[in-house]
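Worksheet: the structure to be examined is printed underneath.
The values are calculated or read from the model by the stated rules, or taken from the named source; none is laboratory data. This is a predicted model, so every value here is computed, not measured. No Cβ is skipped: glycine too gets one built from the backbone with ideal geometry, and neighbour counts run over all protein chains shown.
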């Protein structure tokens, strides 16, 4: 069964249409990139898929169930969201921040168990933050904070990840390492990822499918080969691009 | 690790409970007649002693009122800071105390006292709470910033009304009014209601504590991790407002407890609300018991408004904490 499915989804922000009657099906094992210009509605679409926002019309199903009929609690057991920014108004340690990922699985009076701690520590190790466990989050660098937000998601262990610009603040090495990690993660155990990205070349390298938001409600979805054509991308970014091919693969450069 | 953490939590709460009891004992022994620990012990358990009446009729009700109000304010402050995700929020930031003050001063201006004073300030507080809620709610959107700004503006309006009432009041009323505005326990002799409310408040808050920790990290983040944010926000707005209304009705607007106490706890043990909420209550109560005891005794036989003492303690303490957090 598909993990996430939208049926005739229509969406707009302040009068601008993001998508019209969008039918989207995300299967286990897939990794989707949402691409589009600034302000075109990538984040809005992502938030709507996570039920953090109401669509104008249409339906979204998570694992076959209408998302409207699920509580936020139930949704959080299946679906994790990475936001563009994290609010750290109050002090908190790295480990505490990772542990909030266990919240959807704890009952009202239940405390985090030793096992929950182990899940969090394992995730911290995977994204190389283990040595910062006791640090205060507001002392972290932008890249470390971004990886910590991903650690929280890995601690949550959902089946579907919706990531808003996961490569934000990351250097080239960390971009590659984080995306590789996420790709491996999505291959395990019937999982899938949807992420917004600004880097077409990273999308080509790590994603299996793309959703292009052109604006005015025009959308194109499909596999990478189908969607990421030179023509589509120039129309997407309103900027001329050159395709470069080598034995390592291909890339687009802005001209 | 999980066990260690729960142990640390219980130790903190046990320590703070002990501190509260010590402060109460100290408060009970200070006053027009100072008691040694041995005398206090005798007086507590020997009904025939003269001091027994002194303690149970005069000092204990007042101290328990102080404790309850301190606990209410600290809890309300912690909730407001989470609701607005603003470290500078306190129980009065949304204008509750302003509304209560206008209610109370109007009653004083009319020459009424006693029950009417309590009723007037409580009605004023509730009115302000509903007014801010209705104004901030507007056309659906209910962001923390909008709520904060609405509250601050309404509070400014109440401030102007307070000045107006003070300006037109006859001189004989002014002293009572100023004492009310600065916070004062000399008329607080029935701690029962406030103590009951604090228990109810805690019973409502504690099951939501983990949700509140998440809310302090942002509404979207909390929602994405399974919190019903709309309901939580609504609950803590009304709960914090009611706690504040009860506190203000009991003893006027005592400043700084609600602002400073949650920060002291956060600096010591972090923002986990399962601990922050009960710990703030205990520390808030303790702080106000000490402040009120000082207010009674420093210039005895003259009594100072307790709000003056909390401000004297609170201002330097807060500045110190602010500086320390900048340095780290």
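Mind checking whether some residue in the stretch B:204-214 is farther than 30 Å from residue A:111 by Cβ and part of a helix (DSSP H, G or I)?
For the stretch B:204-214, residues farther than 30 Å from residue A:111 by Cβ and part of a helix (DSSP H, G or I): absent.
If I filter the stretch A:86-108 for residues that are within 8 Å of another protein chain (Cβ to nearest Cβ) and closer than 15 Å to residue A:3 by Cα, do I get at least one hit?
Taking every residue of the stretch A:86-108 in turn, none turns out to be within 8 Å of another protein chain (Cβ to nearest Cβ) and closer than 15 Å to residue A:3 by Cα.
Can you tell me which residue within the stretch A:48-74, out of those that are surrounded by 18 or more Cβ atoms within 10 Å (Cβ to Cβ) and free of Cβ contacts under 8 Å to residues at least 24 places away in the same chain, is nearest to the other protein chains (Cβ to nearest Cβ)?
Here the residue is A:72.
Go through the stretch B:1-79 and tell me which helices (runs of 4 or more DSSP H), entirely inside it, have 2 or more residues that are within 21 Å of the chain's Cα centre (by Cα) and under 30 Å from residue B:235 (Cβ atoms).
Ranges flagged: B:2-29.
Provide a single number: the residues in the stretch A:186-218 that are within 15 Å of residue A:26 (Cβ to Cβ) and touching a strand residue (DSSP E or B) at 6+ places or on another chain (Cβ under 8 Å).
Number satisfying all stated conditions: 12.
Does residue B:167 fit the bill of being part of a helix (DSSP H, G or I), within 20 Å of the chain's Cα centre (by Cα) and modelled with pLDDT under 95?
no
With the checklist (1) buried (at least 22 other Cβ atoms within 10 Å of the Cβ); (2) outside any loop (DSSP other than H, G, I, E, B); (3) at pLDDT below 90 in hand, flag the one item residue B:267 doesn't pass.
(1)
So which of A:150, A:170, A:163, A:154 ends up being buried (at least 17 other Cβ atoms within 10 Å of the Cβ), in contact (Cβ under 8 Å) with a residue 40 or more places away in the chain and not in a helix (DSSP H, G or I)?
On inspection, the qualifying residue turns out to be A:163.
Looking only at the stretch B:204-240, filter to residues that are over 24 Å from residue A:53 (Cβ atoms) and more than 11 Å from chain A (Cβ to nearest Cβ); which one of those is surrounded by the most Cβ atoms within 10 Å (Cβ to Cβ)?
Of everything passing the filter in the stretch B:204-240, B:240 is surrounded by the most Cβ atoms within 10 Å (Cβ to Cβ).
With the condition being under 15 Å from residue B:227 (Cα atoms), I'd like the strands (runs of 3 or more DSSP E) fully within the stretch A:1-108 carrying at least 1 qualifying residues.
Passing ranges, in order: A:79-82.
On the given criteria, is residue A:33 within 13 Å of residue A:213 (Cα to Cα) and either under 13 Å from the mean Cα position of the chain (by Cα) or surrounded by fewer than 16 Cβ atoms within 10 Å (Cβ to Cβ) (or both)?
In short, yes.
May I ask you to list the residues in the stretch B:246-275 that are in contact with a strand residue (DSSP E or B) (Cβ under 8 Å, 6 or more places away or on another chain) and away from chain A (no Cβ under 14 Å)?
None - no residue of the stretch B:246-275 is in contact with a strand residue (DSSP E or B) (Cβ under 8 Å, 6 or more places away or on another chain) and away from chain A (no Cβ under 14 Å), so the list stays empty.
Test residue B:243 against the stated conditions and say whether it is within 14 Å of chain A (Cβ to nearest Cβ), in a helix (DSSP H, G or I) and out of contact with any strand residue (DSSP E or B) (no Cβ under 6 Å at 6 or more places or on another chain).
So residue B:243 fails the test.
Any residue in the stretch B:279-296 that is within 14 Å of chain A (Cβ to nearest Cβ) and either crowded, with 24+ Cβ neighbours inside 10 Å or within 30 Å of residue A:112 (Cβ to Cβ) (or both)?
Taking every residue of the stretch B:279-296 in turn, at least one turns out to be within 14 Å of chain A (Cβ to nearest Cβ) and either crowded, with 24+ Cβ neighbours inside 10 Å or within 30 Å of residue A:112 (Cβ to Cβ) (or both).
Are any of the residues in the stretch A:117-140 facing chain B (nearest Cβ under 7 Å), modelled with pLDDT of 95 or more, crowded, with 18+ Cβ neighbours inside 10 Å and under 22 Å from residue A:188 (Cβ atoms)?
Yes - at least one qualifying residue is present in the stretch A:117-140.
Could you go through the stretch B:173-182 and let me know if any residue there is without any contact (Cβ under 8 Å) to a residue 60 or more places away in the chain and in a helix (DSSP H, G or I).
yes
Being within 13 Å of another protein chain (Cβ to nearest Cβ) and either over 15 Å from the mean Cα position of the chain (by Cα) or modelled with pLDDT of 95 or more (or both) is true for just one of A:192, A:149. Which residue is that?
A:149
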